[in-house]
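Contents: one structure, followed by commentary.
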Amino acid sequence: MKKLSIVLVSLTLLLSACLPTLGGGEVPQVDRDATSVALTIEAGQQVVPPVQQNPPQQPTQTPEPDVMATANVNANCRSGPGGNFDFLGSLKQGESVPVIGQNTVFEPWWQLELSDGTQCWVTGESLTVNGNTDNIPHVASPATPTPKVLTWAGTWDIWVRSGISGYTNAEGTMTCTQTGTTVNCGPFLLYNLSWTIYGTSGADNMTFLGTLRRGDGAQFNMRWYRNESNLDQFGGAWWMGSDMSTDGDWCGSINDAPKPDPCKR
């Protein structure tokens, strides 16, 4: 095969030398590209045409949702359209999320999709809804959950702000027990000191009045009010005797519920 290639090249060069000159005295030029292709083919190599590059595609933009809800206040988001459904998440005041459903059987509730993908319900009283809601589907309410048995027993996350000089904000946990309406909590640590709580719950376990005792024997009054919109939260206050200048915040949550806002009640 190689000998044949050399003969073809030699023959081409010989023929070009024998051609008559043109009127201008120019000698026709050998088509070197054609010769190169011929040599390549003779050598048994495959000519691969260049790959055509496609122009880069522009990214597709996701259209904005048609209807958005903005929280007027910090709002709890539930598993169904009612305050008796389980807490699933929350919206901060000013936060906006897409509206994906509605239920107006008793009062307006909006089904939302939170930033983490959670789909849950918020009462219309806590929201400003912007956009045409005519095409938002009406969603039937799931079965009403079994009423929760309220108790102060359990381990609570707590947040504390003091009006007493020398104390600042603190947070920690406290474990409480309950027998009948008698509640005892602690001991637990705050401000690097040991504390205990004892007192009496209301018959419906929505309120608590009691005494906060510091490790050195100092005592403070205390009150808690369970959050009606999230029964896993309470807000409250503590103070020394009748001196309300020492009034501080005391709030808590259980079952992974967030910090109540506001804390003081």
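The values are calculated or read from the model by the stated rules, or taken from the named source; none is laboratory data. From a predicted model like this one, the values you see are computed outputs, not experimental measurements. Cβ placement follows ideal geometry from the backbone for every residue including glycine, while neighbour counts extend to all protein chains displayed.
Odds and ends about this structure:
- Scanning the range 79-99 finds one or more residues that are surrounded by fewer than 16 Cβ atoms within 10 Å (Cβ to Cβ) and either on the phi > 0 side of the Ramachandran plot or part of a helix (DSSP H, G or I) (or both).
- Scanning the range 219-254 for residues that are surrounded by fewer than 14 Cβ atoms within 10 Å (Cβ to Cβ) and modelled with pLDDT of 90 or more yields a single hit, GLN219.
- Of all the criteria given as (1) modelled with pLDDT under 90; (2) assigned by TED's automatic domain parsing to the domain that holds GLY82, the one not satisfied by LEU114 is (1).
- Selection within the range 181-218 - under 13 Å from THR151 (Cα atoms), of a type in the set (Ser, Thr, Tyr) and surrounded by 15 or more Cβ atoms within 10 Å (Cβ to Cβ): SER201, THR207
- Against the conditions (1) under 30 Å from SER201 (Cβ atoms); (2) in contact with a Ser or Thr (Cβ under 8 Å, 6 or more places away or on another chain), VAL97 satisfies every one except (1).
- Enumerated strands (runs of 3 or more DSSP E) restricted to the range 144-234, each holding at least 3 residues that are of a type in the set (A, V, I, L, M) and either within 37 Å of the chain's Cα centre (by Cα) or more than 20 Å from PRO262 (Cβ to Cβ) (or both): 182-190
- All positions within the range 99-111 that are out of contact with any helix residue (DSSP H, G or I) (no Cβ under 7 Å at 6 or more places or on another chain), closer than 16 Å to PHE85 by Cβ and at pLDDT 90 or above: GLY101, ASN103, GLN111
- Hits in the range 113-132 - residues which are part of a strand (DSSP E or B) and under 15 Å from GLN93 (Cα atoms): VAL122, THR123, LEU127, THR128, VAL129
- Meets criteria (crowded, with 18+ Cβ neighbours inside 10 Å and charged (D, E, K, R)) for ARG161: yes
- Filter pass, ALA257 being touching a residue at least 12 places away in the same chain (Cβ under 8 Å), farther than 21 Å from TYR167 by Cα and of a type in the set (Gly, Ala, Ser): yes
- The residues in the range 119-137 that are in contact with a strand residue (DSSP E or B) (Cβ under 6 Å, 6 or more places away or on another chain) and either of a type in the set (Lys, Arg) or more than 20 Å from ASN72 (Cβ to Cβ) (or both) can be counted, and the count is 2.
- Scanning the range 75-103 for residues that are over 22 Å from ASN227 (Cβ atoms) and in contact with a Pro (Cβ under 9 Å, 6 or more places away or on another chain) yields PRO98, VAL99, ILE100, GLY101, GLN102, ASN103.
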